[in-house]
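Quick notes on the structure that follows.
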Amino acid sequence: MKIAQFQDIHRAYKKGVDVLAGVSFGVGPGEIVALLGRNGAGKTTLIRIAMGMMEAQTGSVRVFGLDPRKDAVEVKRRVGYVSEDQILPPFLKVSQVVELHRGLFPTWDDDLARRLGARFAIDPEAKIKTLSKGQARQVALLCAVAHRPELLILDEPAGGLDPAARREFLETSIRLLNESGTSILFSSHYMSDVERMADRVVMLEGGRVLIDSALDDLRESYSLALITAGPEVTRERLLGLAGCLAVRQRAGSLHAIFQLDPEEAREVLDSALGIGDMRTTSIALEEMFIELLGGHGVEATGGPP
Amino acid sequence: MKLLAAIRRDDALRWLPLWISAGAGVALLLSGLYAYRAYGDPASGPATLTLVLWCAVAPYLAFGQVRRRCSRFDLALPLSSRRLWLAHIAAVLLAGAMVLAVSAALVVSISGLSGRFQGLPEPRLDALHLAVHLAVGLGLAVAVLEAARPTLAEIPIDRGRVLFTVASLGGILGMLWLLSALPLFWALGPLGLALALGLRTYRSLPPAFSLVPLAADPGPAVARRSVERDWAAAVTGRRAAWRRNLDLVRWVAGGPIAWFAYPMIFFAGMLIADLLRAWTGEPDMTVQNLLMAIYVLLTFSGLMTARLPLFDPLPVSRRLLLAALVLPNLAALILGYGAGRIAVAALDEPRDLVEMAEWKEGYFVRVPARYLEIAWDGRPPELGAPWGEGLEPMLFPLYRGGRAGLYSPFPVSAGSSPELWAFQIRRAVEAVYGRSIPEAEIRERYLEVDGEGRVVPRGEGLTLLADHPGLEPRDTGPAFPVVLLLVVSSWLLLFSIVLRSYRADIGDRARLGVFWGLVALVFAIMGLHLALAVTDVVEPWVTRGFLEIAIRHLGESWHGTLAAWLASALALLGGFLVALASFQRTELPARLVLKKGLLDLTGGSS
């Protein structure tokens, strides 16, 4: 059974302009799923729907088999949630925030809370409004994980944090995950974080799921070819090749993204265009993100299957 | 030019139409008080007008962006803090002056209109005194409120600041009251104080404002504190669920706004308990008071929703969150009502409720409006004595030209016989006190016939209380549940509409439009009722009479009283459930904007 299951989710903020236009995917037990997409792709909307804080106009969402809107309290008791725009009550002391969470989550682990609190070195008597952004986020993480949730939902959790704080945040999340087998659904714009944490990547574009693939498969089945441009080797011809998703021109060379492993891409290029002067490599996730979501190649080829 | 541009950009001028409307609303509410004082005691008119106008501008000074000296945008520009501060002061003074001008025009025109309709002379108004006093008050308020934390771009809001603001504005209200009794040159004192304070603040401004204050040195003791030990102490024991829920209520419905909200709601509760009538003798503000209570409840409960997003991700039911918003406000209203009833009981002196009052060329039997009756079809029945003498009572319509109206069930006229007078007075005494006095005694003791054959009171008139010790008015009926039903169900229904606008597909602007639009609607109804009263289209005492008669009838039997309480309880529950149904569908944004540019209603930022 899936921990969270989205089925054909639609949601619009303005009539006729869908932010989500039929999103379907699931998060399995113990799985870490990264939700990727450009700004406005609907990641936060989807996460808020999973939390029961928004509702889908059509489609169904189930978290632990429950409707997060109708069974909001039950679902939230089993979920840990940290979001970039989440604000802890600024007028409360850290200890009061922790006390509030202890009372609301039956599975609260005092020992874990104490360990995390000491590790983050935050004064429990400090008011939230006096903390730095990183410290406030650490308090939010403490509250989100100390009840040992079955599902941890992180919406741009490291947004605005410096690299050291971000690393600390992610390492804590991963370690806790290893301890208790928690599933994680998280969105991030930091591809290095995604590569470090995620088992699976779900990429949203135009309100739909563009890619839903295990990270390892993604690394193996996509490649970048660096080709010297010439009269016979043009952007248009490359885009016409099987598996070519996007082509970008840089000075005298062309960078082509293939949904093929590097060896297969080399064979396609060699057999179709007789190109010998080229280099094919596996592609970094960030490069793929930019090429697929930031370029125009997707539109030219209609996107990956 | 740079200064002018900075003034135009200043946050103090943002939402000025809202503040002008709010000031006008307060002025509209209090214009009745001014008219009452100006016509009743002309000497106190100017002082009352000054105080009324100060009350109109005070919300702007308390809640407006007076404490924000410059925006972050201005902070990044090559402008000195002194230039920015001068621009800010000019903007605040300009905005305050505009609120005062509109409010003054409104109060003076409404009270003048009211007097003209009643054929009264224009009240005395010394425009120079008024302008000087208000200008001095405004200047001193701005100087005092701006004196704190001169190094900061924005004075932080905390409990101390709220108390300081309330104390300053209240103190200046008292000062204006004193000044109004003194010659004009006395205003030079506070004017000098304002200038001195302003100059002191100006001279202590840094070259550039800071966004945040310098952190205080934690000191070696704090630095040495063991974080581990602190956390071990922080995470011990477990609070009972009810205490946790109480904390939630405190946190959801608390904060800076609560400091203003609960006293205001408490006061509104006192008003609907009829305090104003007992205090000033002015009996006809019932409808205004009920609307005022709805307005105050709607405004503050709406503003309190600002903290809801902080608790939305937590496993807290919407029912509990809504209860946290509704119950403290309801408790403040009920406590205010209770306090109001105690005050009314203390202020009300026993007086004869059945009187022979003079009217035109004769007298009539006067009883409080609650003892009249309603003729829904506009045709009161002819009320006569068993021997056949009688007459059709006069009708007081609910509004001019309307059919339904009130009539006295004890009608007499100048030409009525002494026997009919005694008959009707006996019936009136029975209706009001529940006791009977023989008609013969009434005829002999209280009535006589003058030279023109008219029945007139003998001696001091109907001195019933003095002559019949132990006369107690009958129970006037279950007013509390009826008032509660009217106010709370209206509030909750309007509040449910506000909550319905909390959807992700409804933008901040539209949501603000719904909230403030409904608040303005309640104000508009208050204004409409006042305008109709001033132009004699409605008689406030008749409107009040309709309500009181209904309450009296309910109280005549135990099942009527029970029905009133049941209906009130059901209306409360129904209103709560309607609001809850709306609240269940809300989609709260991460940060709820309810008053752009005003207080940070969440109580600070993380």
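Among the conditions (1) surrounded by fewer than 21 Cβ atoms within 10 Å (Cβ to Cβ); (2) free of Cβ contacts under 8 Å to residues at least 40 places away in the same chain; (3) more than 16 Å from A:I153 (Cβ to Cβ); (4) of a type outside the set (D, E), the only one that A:M1 does not satisfy is (2). Among the residues of the range B:386-403, those that are without any contact (Cβ under 8 Å) to a residue 60 or more places away in the chain, in a loop (DSSP other than H, G, I, E, B) and over 21 Å from B:R458 (Cβ atoms) comprise B:P386, B:W387, B:G388, B:E392, B:P393, B:M394, B:G401, B:G402, B:R403. Within this structure, A:L154 fails the test of being of a type in the set (A, V, I, L, M), more than 9 Å from chain B (Cβ to nearest Cβ), touching a residue at least 24 places away in the same chain (Cβ under 8 Å) and over 21 Å from A:L100 (Cβ atoms).
To keep it simple, each residue is scored yes or no on (1) at pLDDT 85 or above; (2) closer than 21 Å to B:Q288 by Cα; (3) in the same structural domain as B:A147 (by TED's automatic domain parsing).
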| residue | (1), (2), (3) |
| --- | --- |
| B:R14 | no, no, yes |
| B:L28 | no, yes, yes |
| B:S31 | no, yes, yes |
| B:S44 | no, no, yes |
| B:L53 | yes, yes, yes |
| B:R67 | yes, no, yes |
| B:L79 | no, no, yes |
| B:R82 | yes, no, yes |
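Say we look at the range A:258-272 and pick out the residues that are in contact (Cβ under 8 Å) with a residue 40 or more places away in the chain and in contact with a helix residue (DSSP H, G or I) (Cβ under 7 Å, 6 or more places away or on another chain); which of these is surrounded by the most Cβ atoms within 10 Å (Cβ to Cβ)? Within the range A:258-272, the match that is surrounded by the most Cβ atoms within 10 Å (Cβ to Cβ) is A:Q259.
The number of residues in the range B:114-133 that are at pLDDT below 75 and within 30 Å of B:W186 (Cα to Cα) comes to 5.
The listed residues are B:R341, B:R379, and the only one of them that is touching a residue at least 60 places away in the same chain (Cβ under 8 Å) and over 28 Å from B:L577 (Cβ atoms) turns out to be B:R341. Pairs are defined by a Cβ separation below 7 Å, a sequence spacing of at least 6 or placement on different chains, a first member in the range B:273-292 that is surrounded by 22 or more Cβ atoms within 10 Å (Cβ to Cβ), and a second member that is of a type in the set (D, E); the pairs so defined are B:L276/B:E282. When every residue of the range A:93-101 is checked against the conditions, none turns out to be in contact (Cβ under 8 Å) with a residue 60 or more places away in the chain and over 20 Å from the mean Cα position of the chain (by Cα).
Out of all the residues in the range B:558-566, is one or more within 27 Å of the chain's Cα centre (by Cα) and either within 14 Å of chain A (Cβ to nearest Cβ) or modelled with pLDDT of 90 or more (or both)? Scanning the range B:558-566, I find at least one residue that is within 27 Å of the chain's Cα centre (by Cα) and either within 14 Å of chain A (Cβ to nearest Cβ) or modelled with pLDDT of 90 or more (or both), so the answer is yes. Can B:P380 be described as touching a strand residue (DSSP E or B) at 6+ places or on another chain (Cβ under 8 Å), not assigned by TED's automatic domain parsing to the domain that holds B:I442 and not in a strand (DSSP E or B)? The answer is no for B:P380. The number of residues in the range B:400-428 that are surrounded by fewer than 15 Cβ atoms within 10 Å (Cβ to Cβ) and closer than 24 Å to B:V537 by Cα comes to 4. Taking each residue of the range B:172-184 that is farther than 14 Å from B:L130 by Cβ and looking for partners that are assigned to a helix (DSSP H, G or I) and of a type in the set (F, W, Y) with beta-carbon atoms closer than 8 Å, six or more apart or interchain, yields B:I172/B:W54; B:L173/B:W54. The set of residues in the range B:453-482 being under 22 Å from the mean Cα position of the chain (by Cα) and either within 14 Å of chain A (Cβ to nearest Cβ) or over 21 Å from B:L577 (Cβ atoms) (or both) consists of B:A479, B:F480.
Only one entry of A:K127, A:K133, A:K76, A:K93 meets the criterion of being assigned by TED's automatic domain parsing to the domain that holds A:I32, of a type in the set (D, E, K, R) and surrounded by 19 or more Cβ atoms within 10 Å (Cβ to Cβ), and that entry is A:K76. Looking across the range B:546-572, the residues that are touching a Lys or Arg at 6+ places or on another chain (Cβ under 8 Å) and over 19 Å from B:M292 (Cα atoms) come down to B:I549, B:I551, B:R552. Considering only the range A:84-99, state which residues are facing chain B (nearest Cβ under 7 Å) and either small (G, A, S) or in contact with a Cys (Cβ under 9 Å, 6 or more places away or on another chain) (or both). A:L88, A:S95, A:V98 - these are the residues of the range A:84-99 that are facing chain B (nearest Cβ under 7 Å) and either small (G, A, S) or in contact with a Cys (Cβ under 9 Å, 6 or more places away or on another chain) (or both). Name every residue in the range B:263-318 that is within 21 Å of B:G32 (Cβ to Cβ) and assigned to a loop (DSSP other than H, G, I, E, B), in order of residue number. Passing the criteria: B:A273, B:D274, B:G281, B:E282, B:P283, B:D284, B:M285. The residue that is nearest to A:K133 (Cα to Cα), among those in the range A:106-120 that are of a type in the set (A, V, I, L, M, F, W, C) and facing chain B (nearest Cβ under 7 Å), is A:A118. Residues of the range A:14-37 that are crowded, with 16+ Cβ neighbours inside 10 Å and not small (G, A, S): A:D18, A:V19, A:L20, A:V23, A:F25, A:V27, A:E31, A:I32, A:V33, A:L35, A:L36. Residues in the range A:61-73: is at least one buried (at least 16 other Cβ atoms within 10 Å of the Cβ), more than 8 Å from chain B (Cβ to nearest Cβ) and touching a Gly at 6+ places or on another chain (Cβ under 7 Å)? So far as the range A:61-73 goes, yes, one or more of its residues are buried (at least 16 other Cβ atoms within 10 Å of the Cβ), more than 8 Å from chain B (Cβ to nearest Cβ) and touching a Gly at 6+ places or on another chain (Cβ under 7 Å).
Those residues that are basic (K, R) and surrounded by fewer than 16 Cβ atoms within 10 Å (Cβ to Cβ), I need them from the range A:191-234; list them, please. A:R196, the sole residue that qualifies. In the set (1) charged (D, E, K, R); (2) facing chain B (nearest Cβ under 8 Å); (3) touching a residue at least 40 places away in the same chain (Cβ under 8 Å), A:K76 fails one condition alone, (3). If the condition is being within 11 Å of B:M304 (Cα to Cα) and either touching a Cys at 6+ places or on another chain (Cβ under 6 Å) or basic (K, R) (or both), then the range B:246-266 contributes no residue at all. Just to be sure before I move on: is A:G117 crowded, with 24+ Cβ neighbours inside 10 Å and more than 30 Å from A:K2 (Cα to Cα) in the structure I sent? The answer is yes for A:G117. Sort out for me the helices (runs of 4 or more DSSP H) sitting completely within the range B:421-530 that have 1 or more residues that are under 25 Å from B:L29 (Cα atoms). Passing ranges, in order: B:479-500.
Residues in the range A:158-180: is at least one under 30 Å from A:P68 (Cα atoms), at pLDDT 80 or above and either touching a Ser or Thr at 6+ places or on another chain (Cβ under 6 Å) or of a type in the set (S, T, Y) (or both)? No; the residues of the range A:158-180 include none that is under 30 Å from A:P68 (Cα atoms), at pLDDT 80 or above and either touching a Ser or Thr at 6+ places or on another chain (Cβ under 6 Å) or of a type in the set (S, T, Y) (or both). Looking only at the range B:536-552, decide whether some residue is touching a Gly at 6+ places or on another chain (Cβ under 6 Å) and among the charged types (D, E, K, R). For the range B:536-552, residues touching a Gly at 6+ places or on another chain (Cβ under 6 Å) and among the charged types (D, E, K, R): present.
The values are calculated or read from the model by the stated rules, or taken from the named source; none is laboratory data. Computed from a predicted model, the values in this text were never measured in an experiment. Positions of Cβ are backbone-derived with ideal geometry, glycine not excepted, and every protein chain shown enters the neighbour counts.
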